[in-house]
Amino acid sequence: MSVATPDAPQNLGSQATSPVAASRRPAQMWLPVALVALFWAVYMIPTIVDLPIFAQFFTSVIATLVLTIVFGLWWLLTKKVTRSERLWGLAALLLGAVVAVAVSQQTLQTVGALLFGLPVTFTVWALWLVVGSLVSANVRTIGLVAVIALSWSSVALVRSDGLNGDLHANVKWRWAPKAEDLYLAERAAQSADTKTDEATTADVQPVLLGPGDWPALRGPTRDGVVTGLTIGTDWEKNPPEQLWKQRVGPAWSSFAIVGDHVYTQEQRGENEATVCLDPATGREIWAHEDVARFWDGQAGAGPRATPTFVDGKIYALGATGILNCLDAATGAALWSRNIVTDSAAPLPMWGYSSSPLVVDDVVVVYAGGPDQKGILAYRAGTGEPAWNVAAGPVSYGSAQLVNVAGQNQVLFLSDLGLVAIAPSTGELLWQHDAAANGIWRAVQPRLIGESGVLLGSEDLGLVRLELSKTGSAWSAEQRYASRSMKPAYNDFVVSDGIVYGFDGAIFCAVDAETGQRRWRAGRDARYGHGQLLLLADQHLLLVLSETGDVVLVEANPEKHVELARIHVFEGTTWNHPAIAHGRLFVRNGEEMACFELPSAEK
């Protein structure tokens, strides 16, 4: 009896095969199936065990790389298929990858196309080998080339509308309408008399800050605390009343609300826009636009920062580094700077996200430039440079103002650590070195008590510092470093000595004095990578979940207690909520809405 060599095509329909070989042939193809099954298990583990975001990303990249190498080596060395099959399979894989990357929609980019296409291709490939083991080598080879081609073609048929906080792509058909396109079409369809670019009439009244306003990122003190407001918590009987809901251009900005003016930022095609709206109706009052567009594969297009209102002016930083000072009543440009030009900094991977801080007549923003050009300050009235200070090259946070022992200090957290700066002069008061080794930081530092500073990041967890002053010299001593909460880009709040926020995607509470966890809600909370506010007068937390829910939670140090929930948006929601004058303002990269919160008397 002749024995076919591994390199010779075998026609199982015409040649006899021994009973032993026939019984083993299907089983011999389960190795590649086991490889892809192991890959998908490893791919899902980071989400299940809630690894940090950067760990999830590197795990998916490494798992794909290992799958490619191991599967590829097995394919090249295996004797279970013919040499012809191996060559055709390898050629189909390489050619398919090149074509798929070339014709894929730009939102996938090369890395995205490969991370999406390779696992799918190897999975279909492995399954075909099991099925194909029952047919002739020639049929198996033709089928293999076909399934590999079909697998790679799936890459060309889809696009990614960004990633969520767990780095799972929002995959849509390539031809499905984009939210941004729908918004631009809606704007184009509006009648000309409903559009205004910049109000310039002489009778426009100046915008003045008043009680209950929300003039900057996370409120008047930029700490997410709402005071002077009590609301009804029985949303089954009396839910928040939706005043308006409408499309908005992509952006991760929040709102500034002053009187009857609401300010936010958005992308309008090739223009970045700072927009002023009527809070009662959502109607546009004015818009200032600059020719600039930033886009990245994870977060999409649009500005990342929130406008700041001070003394009748709006200060807004775009994702590409354009810093504008605008008249808050009319939108007229008063001055403009480009922080990339001023600092010689490279454009950050996810765009500029620093919401301007205005204090002591200077506007403070993060640039990330070399030498002393990390943090830049400009004169609020003229835009002329005031001072600049060194900071790390990577940060997506904003400057935070605190007052310690009667002295104003600007705190800023970067990948090198925390610095404290005198806002009037730019003098470095003290610093806490904490190198991040390439991990981004985005969470606002927070003053605790009279001299404590609490900072958080995914790599550091929660760190509490205690400040002291000897003569004119400041020093910071670390009190604790806790892994009980590891916030990535989700800011925390503090109520009665308890820190409430997100440990990855898990809502939790931590004792601010000790750093010990008080409770962890678990995935049943379903808030994802959300944002929150503290309604201090009622010890309530208002959470805007990553999936577009508004949730009321007790600020309870003993356990997680959810009181009410309404669903507002579809799609990823990372923007900070804002509250002013009893109204809640929420948005994401596609829609925004305003709700009248129920009064406590109802």
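The values are calculated or read from the model by the stated rules, or taken from the named source; none is laboratory data. This one's a predicted model, so the numbers in the text were calculated from it and none came from an experiment. When we count neighbours, we look across all protein chains shown, and the Cβ atoms used for this are built from the backbone with ideal geometry, even at glycine. Just the protein is used for accessible areas: all its heavy atoms, side chains included, with ligands, DNA and RNA removed. Shrake-Rupley method; radii C 1.70, N 1.55, O 1.52, S 1.80 Å.
Observations
- For LYS237, a cut-off of 28 angstrom between C-alpha atoms picks up these lysines, skipping any fewer than 8 places away in its own chain: LYS245, LYS559, LYS602.
- Relative to the longest principal axis of the Cα atoms of the chain, the long axis of helix 53-77 makes an angle of roughly 10 degrees.
- Once backbone amide H atoms are built at 1.01 Å from N, LEU334 has CYS325, LEU326, ASP327 as its partners under 5 Å, excluding neighbours fewer than 5 places away on the same chain.
- Placing +1 on each Lys and Arg Cβ and -1 on each Asp and Glu Cβ, with no other charges, gives the chain a dipole about its Cα centre of roughly 2900 debye.
- Listed peptides 267-279, 429-441 by packing density, highest first (mean Cβ within 10 Å): 267-279, 429-441
- Charged neighbours of ALA216, selected by a Cβ distance under 14 Å, balance to -1 (K, R count +1; D, E count -1).
- Taking the empirical scaling 2.2 N^0.38 Å for compact globular proteins as reference, segment 388-493 has a Cα radius of gyration ratio of 0.99.
- Percent accessible area from carbon and sulfur atoms, segment 493-562, protein chains only, probe 1.4 Å: 42
- Relative contact order (%) - criterion: Cα under 8 Å, at least six apart; region: the chain: 11
- Shape call, segment 498-602: gyration tensor on alpha carbons, a/c limit 1.5: oblate
- Residues of type lysines that LYS373 reaches as a straight line, Cα spacing below 26 Å, ignoring anything fewer than 8 places off in the same chain: LYS313
- Helical runs (DSSP H, four residues minimum) scored at -39500 (n - 2.57) apiece and divided by the length of the chain put the mean residue ellipticity at 222 nm at -7500 deg cm²/dmol.
- Cα gyration tensor shape for segment 361-450, rounded if a/c is under 1.5, else prolate or oblate: oblate
- The mean accessible area for residues of the chain, using a 1.4 Å probe and ignoring ligands and nucleic acids, is 41 Å² per residue.
- Net charge of Cβ neighbours under 14 Å - reference VAL158; Lys, Arg +1; Asp, Glu -1: +3
- Heavy-atom surface analysis with a 1.4 Å probe gives segment 350-427 a carbon and sulfur content of 50 percent of its accessible area.
- Helix 179-189 vs. the chain, principal-axis angle (Cα, 0 to 90°, nearest 10): 60
- In terms of its alpha-carbon gyration tensor, segment 289-440 comes out oblate; a/c meets the 1.5 threshold, while b/c is at least as large as a/b.
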